[in-house]
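I'd like to ask some things about the structure below.
The values are calculated or read from the model by the stated rules, or taken from the named source; none is laboratory data. Source: prediction; values computed, not measured. Backbone-built Cβ (ideal geometry, glycine too); neighbour counts: all protein chains shown.
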Amino acid sequence: MKINSAYVTALKQSVRDLGHDASSLIDDTVQLDEFEFYQLCNKIAETIDDPRLALRYGSALHLGTHGILGNALMSCRNLRQAAEFLVRHNPVSTMDARIAFAFDQDSAILTFTSGIELPAAPTFLPEVFLMAAINGISEMVGTELEGCHIEFAFEPVMEVDVYTQYMGLPVQFGSSANRFVGPRDAVNIPLAAAGNEVADIYVRQCGKILIERSRSSDCAAQVRRILLNANNKITSEHAVAERLKMSDRTLRRRLSEEKTSFREIFDELRRDMAMAYLRETKLPIAEVGFLLGFDDVANFRRAFRRWNGGSPQSYRAEEARRECTAQFDEMETSEDFDGEETAPSIFS
């Protein structure tokens, strides 16, 4: 699977920041898969021989660098949802690295276990991951991370002060695992997206795209990822072709070979989002259309009728009726035949 070019750009900038000639080491015009990228990281670590590289690189990785994954994390209601999403859609699973999220009596713990080691820098991956985790969590909460600390399962490879300078948190070494540890109660504090009623829908859509990406590298999947990640800022076939570094003609040919087209993918994504917004929120029809990139509500209504054979209002009313019927049926089945209420289930 090809990696996000933003990771290569951040790596190149990190090498420059450490005072080295990045252009002689990194060709950012070539798209790399994950294995090739790890080989590149190892080559750079071996060449520049600077133990600060991993922390410098991790500090350059912000939520926006992670594409759809980062967008989903920014749309989570709280840190618990974000951590669970990260575990579910582990971005480094193809290299057998594992991410876990758990609690003890007082703490919430995000653990990273490397699947591989870079021969030139054995501590590189956990250092990058936990440094990037600090950045991401700081962005989501918008404040300093009080009561948190970092634990590494190795001894320091440079002065401990360098770790604390980069990470801004207390750092312990020789632990049983590489992990970020924070207050247990903090994971449920509402984040910026908590009051946004469409945020959950967006997170689910991101999850679907990430699952699709892990299963397939076909052209249609790449187009869907670009469109969702652009959040309606990219609406043309030409713009998507440019992102994929191919001509419009090549994009059309490849999609045709997969029995689809840009217009079909674009309409399918907007249709799915429209149905989710109408079904799961009370947003006005005009606002739903605006979220999907329609300047005129009349155009949205026409498009929705083409997709579903009816108006947005009738779809919303029908879904509300079905939900009401389902709730009524559930209430009826919760009673015994003699009309007495049954004992509640532990799974309810």
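Write out, first by first residue and then by second, each pair whose Cβ atoms fall under 9 Å of each other, whose residues are 6+ apart or on separate chains, and whose first residue, in region 303-321, is assigned by TED's automatic domain parsing to the domain that holds Arg270 while the second is aromatic (Phe, Trp, Tyr) and outside any helix (DSSP H, G or I).
From region 303-321, the pairs are Ala303/Phe294.
Which of the residues belonging to region 228-263 are in a helix (DSSP H, G or I) and at pLDDT below 85? Quick ask: steps written out before the conclusion?
Of the residues in region 228-263, the ones in a helix (DSSP H, G or I) are 228-230, 237-243, 248-257, 262-263.
Residues satisfying the conditions are Leu228, Asn229, Ala230, Arg243.
Evaluate region 136-153: report whether one residue or more is closer than 22 Å to Glu34 by Cα and under 21 Å from the mean Cα position of the chain (by Cα). I'd like the intermediate steps shown before the answer.
If we filter region 136-153 for residues that are closer than 22 Å to Glu34 by Cα, which is where we start, we get 136.
From what's left, under 21 Å from the mean Cα position of the chain (by Cα): 136.
Scanning region 136-153 turns up at least one residue that is closer than 22 Å to Glu34 by Cα and under 21 Å from the mean Cα position of the chain (by Cα).
Now for a different question. Mind telling me which of the residues Leu125, Leu227 ends up being of a type outside the set (D, E, K, R) and in the same structural domain as Thr65 (by TED's automatic domain parsing)?
The unique qualifying residue is Leu125.
For region 157-177, check the following and say yes or no: at least one residue is among the charged types (D, E, K, R) and touching a residue at least 12 places away in the same chain (Cβ under 8 Å).
no
Shifting gears a bit: Going by the structure shown, is Arg271 farther than 17 Å from Ile209 by Cβ and of a type in the set (Lys, Arg)? Spell out the reasoning first.
Details: farther than 17 Å from Ile209 by Cβ: no; of a type in the set (Lys, Arg): yes.
Answer is no for this residue.
So Ala108 passes all but one of these: (1) farther than 20 Å from Asn42 by Cα; (2) of a type in the set (Gly, Ala, Ser); (3) touching an Asp or Glu at 6+ places or on another chain (Cβ under 7 Å). Which condition number does it fail?
Condition (3) is where Ala108 drops out.
Which of (1) within 25 Å of Thr281 (Cα to Cα); (2) surrounded by 13 or more Cβ atoms within 10 Å (Cβ to Cβ); (3) not charged (D, E, K, R) does Asn188 not meet, given it meets every other one?
Failing condition for Asn188: (2).
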